[in-house]
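**Student:** Mind looking over this structure? Questions follow.
The values are calculated or read from the model by the stated rules, or taken from the named source; none is laboratory data. These figures come from a predicted structure and were not determined experimentally. Cβ sites come from the backbone with ideal geometry, for glycine too, and all protein chains shown count toward neighbours. The area values use the complete protein model at the heavy-atom level, side chains included, leaving out ligands, DNA and RNA. Shrake-Rupley method; radii C 1.70, N 1.55, O 1.52, S 1.80 Å.
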Amino acid sequence: MALAVGVTVTGVQAAVGAWEEPADELAGQGERAAETDAQDSGATELEQGGIEIADIPDRGSVSLEPGASAEASASAEASASAEPSASAEASASAEPSASAEPAADAADAGLEAAADAFRDEVVELTNAERADVGCPAVTVDDELAEAAQAHAEDMVAQQYFNHTGLDGSTPTDRANAAGYDGGAGENIAAGQASPVDVVDGWMASEGHRENILTCEYTVIGVGYDDGRVQPEYGGGSWVQMFGYGQG
């Protein structure tokens, strides 16, 4: 049964979707998807700038007076075609700064640390919601986390938003491929700027809230990619997967 629930995220278009897998995966029943999307008319303006190139001063010329000898002409030509100075050649062959690569590595490490912090916060916020209704906390399962991250990245890379991968895989298929033994429930979202925004969005939708507040779930995996799943959505591809523990 599909459920449509409005979710408002300021300044961006956002969407959320839910998939629930039954505890007995052999039954093959109980799949449910719910997607919501909301839109705001926020826009970004890009300002254009220009670069001015200063006039290059006249470098002068070589001239011969009337009656000058061929030898003098050859001498003048040699002077005009003199090779660049040694210092200019050395400057042209200088290698890029050795500090550029470490700086890029540091920037990448910083982005990954921020993404890890987002994933951890989603888990914390999810457990806070579960605690409010008396459900036990879920713990991170490495295989579910791997499957969730792969799906978050795949939706960005291939520009789609769906529980079913473009290869036809379901959440349980992806979990099993990552080594998890059992069925998996899944919440997805796109365009939310922070863990608070995405968990609030899920909690505002019946299907997503049910996944979060299913007390029988014992493990979780969270995926996050800061890219866009489609141009009309804001940055942020989120995947939350739940399971019953290893069978």
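**Student:** Within region 212-221, how many residues turn out to be open to solvent by 10 Å² or more (accessible area, probe 1.4 Å) and part of a strand (DSSP E or B)?
**Tutor:** 1
**Student:** Looking at this structure, is Ala145 over 13 Å from Val219 (Cα atoms) and open to solvent by less than 70 Å² (accessible area, probe 1.4 Å)?
**Tutor:** The answer is no for Ala145.
**Student:** Determine which single condition Trp238 fails, assuming it passes every other condition in (1) assigned to a loop (DSSP other than H, G, I, E, B); (2) crowded, with 24+ Cβ neighbours inside 10 Å.
**Tutor:** Failing condition for Trp238: (1).
**Student:** List every residue pair whose Cβ atoms lie under 7 Å apart, where the two residues are 6 or more positions apart in sequence or sit on different chains, the first residue falls within region 121-135 and is assigned to a loop (DSSP other than H, G, I, E, B), and the second residue, located anywhere, is modelled with pLDDT of 95 or more and surrounded by fewer than 17 Cβ atoms within 10 Å (Cβ to Cβ).
**Tutor:** Sorted first by the residue in region 121-135, then by its partner, the pairs are Val133/Leu213; Cys135/Leu213; Cys135/Cys215.
**Student:** Report yes if Asp181 is out of contact with any Gly (no Cβ under 6 Å at 6 or more places or on another chain), surrounded by fewer than 17 Cβ atoms within 10 Å (Cβ to Cβ) and not aliphatic (A, V, I, L, M), otherwise no.
**Tutor:** no
**Student:** Sort through Asp141, Asp108 and tell me the only one that's under 21 Å from the mean Cα position of the chain (by Cα) and farther than 18 Å from Met203 by Cβ.
**Tutor:** Of the residues listed, the single one that is under 21 Å from the mean Cα position of the chain (by Cα) and farther than 18 Å from Met203 by Cβ is Asp108.
**Student:** Checking Ser194 against (1) open to solvent by less than 10 Å² (accessible area, probe 1.4 Å); (2) under 16 Å from Ala115 (Cβ atoms); (3) of a type in the set (Ser, Thr, Tyr): exactly one of these is not met. Which one?
**Tutor:** With (1) open to solvent by less than 10 Å² (accessible area, probe 1.4 Å); (2) under 16 Å from Ala115 (Cβ atoms); (3) of a type in the set (Ser, Thr, Tyr) applied to Ser194, the lone miss is (1).
**Student:** Now for a different question. Report, by residue number, each residue of region 175-200 that is touching a His at 6+ places or on another chain (Cβ under 7 Å) and among the aliphatic types (A, V, I, L, M).
**Tutor:** Of everything in region 175-200, just one residue is touching a His at 6+ places or on another chain (Cβ under 7 Å) and among the aliphatic types (A, V, I, L, M), namely Ile188.
**Student:** Further question on the same structure: Give the residue, chosen from Gly191, Gly235, that is within 13 Å of Glu153 (Cα to Cα), under 17 Å from the mean Cα position of the chain (by Cα) and modelled with pLDDT of 95 or more.
**Tutor:** Gly235
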